[in-house]
Each structure stands twice: as C-alpha cells, then as structure tokens.
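**Q** One structure, pasted below without further comment.
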Amino acid sequence: MHNSIVLVKQVPDTSNISGKVMKDDGTVNRSKLSAIFNFEDKVALEFALQIKDECGGKVTAVTMGPPRASDILRECLYMGADEAFLITDRKFAGADTLATSYVLAEAIKKIGSYSFIFAGRQAIDGDTAQVGPQTAEKLNIPQITYAEEIIGVSDDRVKVKKKIDGGFEILESRLPVMITVLKDAAQPRPFSAKRVMAYKGAKSLLELEKMAEGNSLLYVDKLVYEYKNRSLFIPTLTAEDLQIDFARCGVKGSPTKVYAIESVVLSGNDPERIENSRQGMNSLIDKLLEDRILG
Amino acid sequence: MDEFSNDIWVFIEQHGGKPADVSFELLSKGRKLADTMKCALKSVVIGDDVKSLAIETFRYGADESYVIDHHDLHHYATLPYSRILNELVDEHKPRVFLFGATIVGRDLAPRVASHTRSGLTADCTDLQISNVTYLGTEFKDLLLQIRPAFGGNIVATIIAPDTQTQMATVREGVMEMHPLPLPHAVKLVEIPYIPAEFDQLITIIEQHRQESKVNLKGAPIIVAGGYGMQTKEKFKLIQDLAHTLGGEVAGSRAAVDAGFILHERQVGQTGVTVRPKLYFAIGISGAIQHRAGMQEAKKIIAINTDPEAPIFDIAHYSIVGDAADVIPKFIDAYKSKLK
C-alpha cells in the first residue's frame with residue numbers, strides 16, 4: 001500500500017500571450033487567458049495511478065490556485081484520483097515559488113501520510129521547476145527530479161530512472177520521496193466515462209457557496225454535508241484552515257518581485273537583400289570574405 | 001550582517017572533475033558584477049579530488065574558493081550537496097549566489113533557496129547590478145535577474161529586494177567566458193564534509209553519461225535548417241553547406257520535432273544558445289524562441305521562400321528563395337572562389 005499526493009496546477013495557455021494580459025504590477029491577469037491542466041502534472045498523476053494499480057493505496061491530487069482551479073481537480077477525479085484538495089485563499093495570490101512551496105508543504109502535512117509526492121517537472125507558465133524541490137526541502141524528504149520511469153517499488157524504496165545532462169541515472173530512494181516527472185515519461189490515461197458521470201458534479205466549498213448565494217449560511221453547511229455524503233465534495237483549505245504564517249504566503253511571502261516587463265519587439269533590422277542568382281551569391285561571398293567572416 | 005555578507009558566489013558544477021562550461025561563464029559574469037559591487041567573487045566547488053578545479057576558478061576571476069572535497073561527493077547527489085550549501089549560506093550569507101540552469105543547477109538551487117528563504121529566479125539570460133527604487137523604497141546594488149517569460153513573448157526583470165541572498169540559475173551559453181592571463185588570487189578555503197545518514201537516503205545504482213561530441217557553442221560557422229526544409233532528404237542540403245564551409249549543422253525546434261536533426265543540435269530557447277561569426281537560418285521562420293538562441297551571431301544570413309518571414313528582421317543578409325535552389329548556387333560560387 002502506497003499513498004501518493006500529486007501536485008497539479010492550472011496554467012494559462014502560454015502559446016499566445018500579449019502585453020494586454022499583464023497587470024500593472026507585472027503579474028499575469030490569468031482571468032484573461034484560457035486555463036489548462038499543466039501537462040506534466042497529468043503525467044505525474046498517471047505515475048501515481050500506476051503505483052496505485054500495482055500496490056494499492058490512495059491518490060490525492062492537490063492544487064493551490066484560484067477557485068476556478070477546481071476544474072482540473074475534477075479532471076483528476078475523472079482520471080482516477082480518489083480525492084482532490086483545493087488550496088485557495090486571497091492571501092495566497094501573487095505567490096512566487098517560495099511562498100507556493102510553503103503553503104503546499106503545510107497543506108501536505110495536513111492531508112496525511114504518503115509514500116510519494118508526484119509533480120510535473122515544471123509548469124508552462126513559469127518554467128521554473130522550483131516548486132517541487134522547494135516543497136521537498138520544506139518537508140525534509142529526498143527528491144528525484146526529471147524522472148523518466150519508475151523501475152520498481154518495494155515497501156520502503158523506489159527505483160527511478162532519471163534524466164541527467166548527457167544521459168540518465170538509476171537512483172534508489174527511501175520513501176517518502178518527491179518525484180518530478182518529464183512529459184514523455186508516461187501517457188496520461190483518458191478520463192473514464194464512468195468516472196466523468198460520477199464526478200462531473202463534484203464541487204469545492206467555494207462553488208457550493210456560490211450555489212447558496214443569497215441563502216443562509218446554514219444552507220451551505222447543508223450542501224457540504226450532502227456533497228460529502230455523495231462523495232462529490234472537493235475539500236477546500238484556506239490560510240486559516242492551515243493555521244499558517246500569513247507573512248510567508250502570497251505576495252507578502254514572496255521574495256522575488258517583477259520589477260519590469262517588456263514585450264519582445266522585433267529589432268526592425270533592414271537586411272541587405274541578396275539576389276537569388278549566381279551573381280548575388282558571388283557578391284555575398286565577397287562581402288563575407290572582406291569582413292573576414294569567411295576564409 | 002558580517003563583513004562577508006556582500007559576496008557573489010558561483011556554484012561550480014563538475015562531472016568527474018571536469019567543470020560545466022556554464023560555471024566558468026558565470027564566473028566571468030560574476031567578476032564583472034563583483035567589480036561593480038566592489039565585493040569578492042567566490043567559487044564553491046563540491047566533489048571528489050577537485051582542488052585543482054578550485055584553483056582553475058581563479059583564472060576566471062574568483063578571489064576565493066570554498067572547496068568541499070570528499071570521496072562520497074564524487075557524483076552529484078541532491079541531499080549531500082544541498083545540505084552542504086544550506087549550511088554554507090546560513091553561515092556566510094552571500095549577497096548573490098549563481099548556478100547554471102542545468103539539470104543539476106535546477107535540482108539543487110531550489111532546495112537551497114527554500115531552506116534559506118532566498119529569492120530564486122530560474123533560467124536567467126542576463127544579470128545586472130543596479131540601484132532600484134521599488135514601491136517607493138530605494139535599494140542599492142540589487143541584482144537584476146532578466147529572463148524570458150511566457151513562452152519567450154515577454155522579458156521580465158526580477159528583483160529580490162528584501163532577502164539577504166539573491167539567487168539565480170542562468171542559462172548555458174548566454175554569458176561569455178573570459179579566461180584571465182593571470183589568476184586573480186589564490187585562496188582556497190577547505191570546508192570539511194561530515195557525512196550524515198540523511199545524505200544516504202538516495203543511492204546511485206547506475207549512471208550513463210556521454211560527453212556530447214557536438215560543440216555548437218564553439219563553432220564559428222553554423223548552418224541551421226528549419227521546418228521549411230520539408231523533408232529529411234532535403235535537410236541534407238544543410239549538411240552539404242555546413243560541410244563545404246567547415247561549419248556545424250543545427251536546427252530549429254520544429255526541425256528537431258520533425259525528426260530532421262537530433263535535439264543536441266537544436267538552437268533556441270529550449271536548445272543551445274550560440275554566438276558564431278556566421279549563422280545561416282534556412283527555412284526557419286524566426287520564432288522568438290529560435291531567435292533567443294542565435295540573435296547575437298555576428299552575421300546572419302536568412303534564406304526563406306516567404307519574404308515576410310520574421311527571421312528577416314534580424315538577418316544581415318536576406319535571400320528570398322527555395323533552399324534547394326539557393327544552397328547549390330551558394331556552394332558552387334564558394335567553391336569557385338576558392339580555386
């Protein structure tokens with residue numbers, strides 16, 4: 001039996017970003033971008049599900065993000081996660097990787113015992129690859145980054161193939177361990193139709209609050225009770241629930257600040273046009289020889 | 001703050017005693033930053049039998065070197081290496097700590113930043129020292145950490161005004177390496193390593209590493225092809241031209257994804273950064289991610305069928321035409337010149 005925690009992130013689709021989506025403070029106005037499940041985190045979830053298939057245990061997905069991040073938590077449930085936690089609070093907004101790892105580490109301590117923490121190597125919105133190792137350090141557990149394959153799992157150890165510069169390594173780690181995975185490491189399984197039917201109505205606390213808007217608080221409590229009974233409740237943890245140091249969360253707890261943002265502009269260089277002819281080539285080669293670029 | 005708190009440190013990555021290029025690139029950059037800040041530049045070398053490597057760092061501008069030399073530290077391993085650095089940073093509190101943005105650097109730096117609660121910026125492409133006014137407060141000599149963000153569409157300058165140690169990982173090949181004629185100073189500080197049980201939680205069962213034979217970074221002439229080359233067959237023209245000129249073959253990410261060329265020859269944001277004397281961009285549209293890896297070439301020749309291709313905006317010479325037509329003409333002309 002091995003329980004796994006999987007760190008997942010909803011990310012803006014960064015394939016097409018303009019200055020219009022940046023806020024004045026240099027952070028991204030995520031509400032203006034379409035949001036997707038960070039692919040490497042899906043691969044991480046697949047790793048956890050494979051370990052569950054083989055050894056038994058529970059798979060718990062965790063995300064820190066705004067309320068709408070519960071979209072990807074539902075996707076985790078569709079793929080096979082047993083439970084999915086939303087870590088959300090206004091106090092967490094604007095967090096850099098250090099503040100994020102603090103909150104995640106505290107949340108993980110609250111969620112319970114585990115043999116594995118899986119995460120994608122990096123998220124496409126920042127490409128930093130920092131949150132996994134930073135979280136592992138805070139939990140005082142070993143880490144294997146850039147994992148390509150789980151070779152074997154025993155009661156207290158795991159053997160992993162990982163990428164290194166110029167090759168690969170096979171490492172054996174004691175459990176628990178943090179493992180961050182590369183995108184080609186596994187093919188995430190498709191949603192199970194049965195699970196989609198079962199969990200499409202799953203809701204976080206914030207979503208239930210929204211449903212109850214205009215009604216009494218008691219009504220939210222009742223909704224939570226009902227959703228819990230039907231296993232459709234996405235547990236939601238706030239800064240208060242985690243009893244953590246607010247000064248280490250969000251913008252306040254983030255040492256790195258965006259000082260300036262510049263859109264990359266084309267240099268507007270005017271190249272010298274060379275005719276596509278023998279003569280053109282001759283003149284080009286002459287110029288290159290003259291400038292001692294060639295020869 | 002003690003008297004050492006203004007130092008710039010560079011982590012020297014090594015494999016079997018051979019340093020990673022990026023570490024010496026960082027020393028050369030660190031030297032300039034240290035001169036601006038009027039502070040010391042220190043190298044941190046961890047490994048097995050690495051004293052001579054530590055001494056080599058003086059030739060790239062280090063004033064002092066911390067050496068942690070122990071048989072158990074032969075191969076990079078996250079736990080002992082990060083524990084050593086955590087303790088060193090806790091004790092000496094450098095002002096700046098730089099790492100290469102390699103797999104090792106990106107594995108190691110975040111653990112140290114997490115432990116020491118330092119600001120850490122990943123994958124920088126430039127570093128500067130500047131006085132900064134941020135939210136109405138003035139800060140002297142902050143490290144400006146410049147990196148592409150959001151798929152390369154944006155360049156962000158990151159600062160960490162409130163932490164003692166400003167940490168950054170820096171991409172390989174973007175800083176230039178400058179060996180000095182004479183070593184800067186020679187001061188080795190040996191730090192003992194005391195193995196701990198925690199360090200042994202992970203063991204290396206096997207390691208397979210092959211030094212890449214490709215040296216794009218050092219090549220004076222690079223001939224690069226893109227997706228516009230259409231087929232692997234046609235991509236051979238790129239090799240022909242490179243062969244004729246004595247240059248190296250390279251490709252854009254699209255060419256790698258299409259299987260025309262191996263990843264180790266990819267130029268651009270997710271590949272290698274190069275600055276050759278001459279760069280041919282053939283059938284490469286010039287996406288921002290590619291330009292990031294080659295725009296500092298001394299001369300750029302772009303060949304493309306599309307006269308509107310963005311690559312022409314950074315090229316010095318433009319040839320509108322099909323590679324299958326242009327390349328043989330160029331090769332012919334070149335060969336007859338040499339006669």
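**Q** When you scan segment A:182-295 for helices (runs of 4 or more DSSP H) that lie fully inside it, which ones turn up with 3 or more residues that are charged (D, E, K, R), farther than 30 Å from A:Arg121 by Cα and free of Cβ contacts under 8 Å to residues at least 60 places away in the same chain?
**A** A:217-229, A:278-290
**Q** Return the only residue of A:Ser263, A:Ser254 being more than 29 Å from A:Lys110 (Cβ to Cβ) and of a type in the set (S, T, N, Q).
**A** Being more than 29 Å from A:Lys110 (Cβ to Cβ) and of a type in the set (S, T, N, Q) holds for just one of A:Ser263, A:Ser254, which is A:Ser263.
**Q** Moving on. Kindly indicate whether A:Thr135 is in contact (Cβ under 8 Å) with a residue 60 or more places away in the chain, of a type outside the set (A, V, I, L, M, F, W, C), surrounded by 22 or more Cβ atoms within 10 Å (Cβ to Cβ) and not in a loop (DSSP other than H, G, I, E, B).
**A** yes
**Q** Still on this structure, please answer the following. Before we move on, is A:Lys110 within 12 Å of chain B (Cβ to nearest Cβ), outside any loop (DSSP other than H, G, I, E, B), surrounded by fewer than 24 Cβ atoms within 10 Å (Cβ to Cβ) and of a type in the set (D, E, K, R)?
**A** So A:Lys110 does not fit the description; no.
**Q** Here is a list: A:Ala202, A:Ala260, A:Ala212, A:Ala239. Which entry is surrounded by fewer than 19 Cβ atoms within 10 Å (Cβ to Cβ), within 27 Å of A:Asp82 (Cβ to Cβ) and aliphatic (A, V, I, L, M)?
**A** Testing whether each residue is surrounded by fewer than 19 Cβ atoms within 10 Å (Cβ to Cβ), within 27 Å of A:Asp82 (Cβ to Cβ) and aliphatic (A, V, I, L, M) leaves just A:Ala212.
**Q** Considering only segment A:151-181, how many residues are touching a Leu at 6+ places or on another chain (Cβ under 6 Å) and surrounded by fewer than 17 Cβ atoms within 10 Å (Cβ to Cβ)?
**A** 2
**Q** Taking into account only those residues within segment B:206-226 that are touching a Gly at 6+ places or on another chain (Cβ under 7 Å) and more than 7 Å from chain A (Cβ to nearest Cβ), which is nearest to B:His75 (Cα to Cα)?
**A** For segment B:206-226, the residue satisfying everything is B:Lys217.
**Q** Taking segment B:184-205, which residues are touching a Pro at 6+ places or on another chain (Cβ under 9 Å) and more than 14 Å from every other protein chain (Cβ to nearest Cβ)?
**A** B:Tyr193, B:Pro195
**Q** Next question. Only one residue in B:Glu197, B:Glu172 is of a type in the set (Asp, Glu) and either within 20 Å of the chain's Cα centre (by Cα) or on the phi > 0 side of the Ramachandran plot (or both). Which one?
**A** B:Glu172
**Q** Of the residues in segment B:66-83, how many are over 19 Å from B:Ala113 (Cβ atoms), under 23 Å from the mean Cα position of the chain (by Cα) and crowded, with 20+ Cβ neighbours inside 10 Å?
**A** 1
**Q** OK, next. Any residue that is aromatic (Phe, Trp, Tyr) and under 15 Å from A:Ser4 (Cβ atoms) - is there at least one of those in segment A:24-37?
**A** no
**Q** Right, next: Sort through B:Ile284, B:Ile319 and tell me the only one that's surrounded by 24 or more Cβ atoms within 10 Å (Cβ to Cβ), touching a residue at least 12 places away in the same chain (Cβ under 8 Å) and not in a loop (DSSP other than H, G, I, E, B).
**A** B:Ile319
Values quoted throughout were computed directly from the atomic coordinates according to the rules given, and no laboratory measurement underlies them. Predicted model, so just to flag it, every value in this text is computed and none were measured. Heads up, the Cβs are rebuilt from the backbone with ideal geometry, glycines too, and the neighbour counts pull from every protein chain shown.
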